[in-house]
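Encoded as structure tokens, the structure appears first; notes follow it.
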Amino acid sequence: MKVVSGETMQQMDQRTIREFGISGLTLMENAGRGCADAICDRFGAASGRRVLIVAGKGNNGGDGYVIARYLRERGWQATVLLLASPDQIRGDAATNLERLGGEGVIIAPEGVAAYAELFPSSDLVVDALLGTGVKSEVTGVYAEAIGAINAAGVPVVAVDLPSGVDANTGRVLGVAVKAELTVTFALAKLGNVQFPGAEHSGKLVIVDIGMPKQVVDAAPGGEFVDAAAAARLVRPRRKTAHKGSSGHTLIVAGSTGKTGAAAMAAASTVRTGGGLVTLAVPESVHPILEVKTTEAMTVPVGDHGRGHFTAGAFPFLENLAQGKDAVALGPGIGAARTTFFLVQRLVEALEVPMVIDADGLNALAAAPELLGKRQGRVTVLTPHPGEMARLTGGGVADVERDRIATAVGFSARYGVHTILKGAATVIAAPDGRYAVNGSGNPGMASGGMGDTLTGILVSLLGQGYPPFDACRLGVFLHGFAADLLAAQGCGVGMHATDVQEKIPLALSRLGG
Ligand SMILES: NC(=O)C1=CN([C@@H]2O[C@H](COP(=O)(O)OP(=O)(O)OC[C@H]3O[C@@H](n4cnc5c(N)ncnc54)[C@H](O)[C@@H]3O)[C@@H](O)[C@H]2O)[C@H](O)CC1
Ligand SMILES: [K+]
């Protein structure tokens, strides 16, 4: 499913009107009717029920007047509360306000205070205050209205976007409507699928408003990765497959106190269908990994008794990487200077597709320009917001302000695939493509989940998936395996190792 920015949707709107002769009024009519349909589908027969439509001065409010008209036709008692004076309403919105003929329309540019009782006494509130036109923090009468909507204690349906949610980032601009259902038009907006906007949107319904297919197809945007999109990426295995044709990966991981990270990365590589896995660990912790690891082969790497990788291991690891299909670098390696030095040399030297995670990323924070030396090779970085901030040299708040822009910008600058983790993980390719992941749940907020994702990704790369496919499928699979657990009642408190156990089932549900 394609997702677009607010600006892109407004350009699509203009193109439809200019090049295809479909009027803005028709689009608004289709939008309002579609929204009324979705309301009736969800909330059933009207039989005199009261709906309060809270309208702003723009076209989002215009949709609201159309909704009022259609809901009345279907037996609802619709009241429009307009938070502007009629002379502020222009164009298609003004036409539709006129069509209502003033009946059941309350003009309240001074705010909602005098109408407070209307909110809780309604059976449903429709939020038609602000849509893609939202520009800044919401204050004044709009902020008060949003507060009243959220406090009403009745179901709320948002038109296009919950008012107060930034259309591009999903950020809350001071205050935002919390909707049970959001009916959005033509395509989902980036603010509908990124948090906290995704949570404010509730269930998302997309209504076809009659935009020509050419306009929709040509619009620049990202992909929202849901199960259907992930299933399209899966390459079912050939009947003649053998371990030699299913990828041989090298995982460079572990240190004293962090052997679990190494074991989990290796196990999830196998669980994702990796043919052969070689796990290279510091010699001091090797006996532990020999016991912890069953399917993967382990290789001790000389560490002079330090319990972590040292720079001197470079020639050995460079040699070990020969003939491997993909390498993962970083889970549990720790933050020793000599380890960071080793990472930097490996990043520069190894030709093979590489996933870099955890302290592997921190090793690069001091010298991200090394990534530029991997031009033409496949590099996947899996930072959480803190690691991303260290890589960009900014703060976590800067990263979170616009996660897509951060990931897309970093990928373009360094020629890498960036997987910016967190709810609605962002996946960016070096060529500007990006995706937002739709799987996963809060139970995943625990140690070891990142190591598991690294294992999944290196496994898919090793099996020959194109890198952007490996990234999108891998991220979805990771969250989907956790969703299967949550569906069985194992939500908060799930182990990363439990998630690993579910990877094969998740993969098979997607057709793998
Ligand atoms: N193609 C489509 O998707 C269609 C969408 N439609 C609807 O139109 C809105 C967008 O309408 P627009 O008039 O451009 O913007 P808004 O109604 O969202 O905003 C109106 C108005 O509000 C002002 N404003 C911006 N930020 C703030 C703020 N923080 N506080 C107060 N006021 C603010 C701004 O100046 C605007 O003038 C889209 O979402 C759909 O719902 C059409 O129906 C047709 C097709
Ligand atoms: K809205």
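The values are calculated or read from the model by the stated rules, or taken from the named source; none is laboratory data. Predicted model, so just to flag it, every value in this text is computed and none were measured. Using ideal geometry, Cβ is built from the backbone for each residue, glycine included, and neighbour counts are taken over all protein chains shown.
Structure summary
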read-out: Conditions (1) near ligand 1 (Cβ under 7 Å from one of its atoms); (2) surrounded by fewer than 18 Cβ atoms within 10 Å (Cβ to Cβ): number failed by VAL134; value: (2)
read-out: Flag for GLY61 being within 16 Å of ligand 2 (Cβ to nearest atom), small (Gly, Ala, Ser), assigned to a helix (DSSP H, G or I) and closer than 25 Å to GLU117 by Cβ; value: yes
read-out: Matching strands (runs of 3 or more DSSP E) fully within region 248-301 where at least 2 residues are within 16 Å of ASP357 (Cβ to Cβ); value: 248-252, 276-282
read-out: GLY140, sole failed condition from (1) within 9 Å of ligand 1 (Cβ to nearest atom); (2) surrounded by 24 or more Cβ atoms within 10 Å (Cβ to Cβ); (3) within 19 Å of PRO109 (Cβ to Cβ); value: (2)
read-out: Residue tally, condition over 39 Å from the mean Cα position of the chain (by Cα), assigned to a loop (DSSP other than H, G, I, E, B) and over 25 Å from GLY24 (Cα atoms), over region 101-115; value: 0
read-out: Scan of region 387-414 for residues that are assigned to a loop (DSSP other than H, G, I, E, B) and surrounded by fewer than 17 Cβ atoms within 10 Å (Cβ to Cβ), ordered by number; value: GLY393, GLY394, GLY395
read-out: Residue check, THR454 farther than 26 Å from LYS243 by Cβ and of a type in the set (Val, Ile, Thr); value: no
read-out: Selection from region 105-121 of residues that are crowded, with 21+ Cβ neighbours inside 10 Å and more than 16 Å from ligand 1 (Cβ to nearest atom); value: PHE119
read-out: Scope region 152-200; condition small (Gly, Ala, Ser) and either in a strand (DSSP E or B) or within 13 Å of the chain's Cα centre (by Cα) (or both); matching residues; value: ALA158, GLY170, ALA188, GLY191, GLY197, ALA198
read-out: Residue selected from region 334-357 under the condition surrounded by fewer than 20 Cβ atoms within 10 Å (Cβ to Cβ) and among the polar types (S, T, N, Q), by the criterion farthest from GLY372 (Cα to Cα); value: THR338
read-out: Qualifying residue in region 87-100 (condition: on the phi > 0 side of the Ramachandran plot and either in a loop (DSSP other than H, G, I, E, B) or touching a Lys or Arg at 6+ places or on another chain (Cβ under 6 Å) (or both)); value: no
read-out: Top-ranked residue in region 16-36 [being within 16 Å of ALA128 (Cα to Cα) and either charged (D, E, K, R) or without any contact (Cβ under 8 Å) to a residue 60 or more places away in the chain (or both); ranked as nearest to ligand 2 (Cβ to nearest atom)]; value: ALA36
read-out: Long-range neighbours under 7 Å by Cβ, at least six apart or interchain, first residue more than 22 Å from GLY479 (Cβ to Cβ) and touching a residue at least 12 places away in the same chain (Cβ under 8 Å) within region 227-246, second of a type in the set (S, T, N, Q) and surrounded by 13 or more Cβ atoms within 10 Å (Cβ to Cβ); value: SER246/GLN463
read-out: Options LEU181, LEU118; residue that is touching a residue at least 40 places away in the same chain (Cβ under 8 Å) and either under 30 Å from LYS213 (Cα atoms) or assigned by TED's automatic domain parsing to the domain that holds ASN437 (or both); value: LEU181
read-out: Where a residue in region 70-87 is of a type in the set (A, V, I, L, M, F, W, C) and its partner, wherever it lies, is exposed (fewer than 14 other Cβ atoms within 10 Å of the Cβ) and at pLDDT below 95, with Cβ under 8 Å and at least six apart; value: TRP76/GLY48
read-out: Region 371-386, subset part of a helix (DSSP H, G or I) and surrounded by fewer than 17 Cβ atoms within 10 Å (Cβ to Cβ), residue modelled with the highest pLDDT; value: GLY386
read-out: Selection count, region 301-320, where residues are more than 16 Å from ALA253 (Cβ to Cβ) and of a type in the set (A, V, I, L, M); value: 1
read-out: Pair list, Cβ under 9 Å, 6 or more apart: region 133-161 residue more than 14 Å from ligand 2 (Cβ to nearest atom), other residue part of a loop (DSSP other than H, G, I, E, B) and aromatic (Phe, Trp, Tyr); value: ALA148/PHE119; ALA151/PHE119; ALA152/PHE119; GLY153/PHE119; VAL154/PHE119
read-out: Some residue of region 74-88 being in the same structural domain as GLY58 (by TED's automatic domain parsing), surrounded by fewer than 23 Cβ atoms within 10 Å (Cβ to Cβ) and within 11 Å of ligand 1 (Cβ to nearest atom); value: yes
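So that you can scan it fast, the table gives a plain yes or no per residue for (1) at pLDDT below 95; (2) β-branched (Val, Ile, Thr); (3) more than 17 Å from PRO162 (Cα to Cα):
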{"position": "SER5", "(1), (2), (3)": "no, no, no"}
{"position": "ALA31", "(1), (2), (3)": "no, no, no"}
{"position": "ARG50", "(1), (2), (3)": "no, no, yes"}
{"position": "ILE53", "(1), (2), (3)": "no, yes, no"}
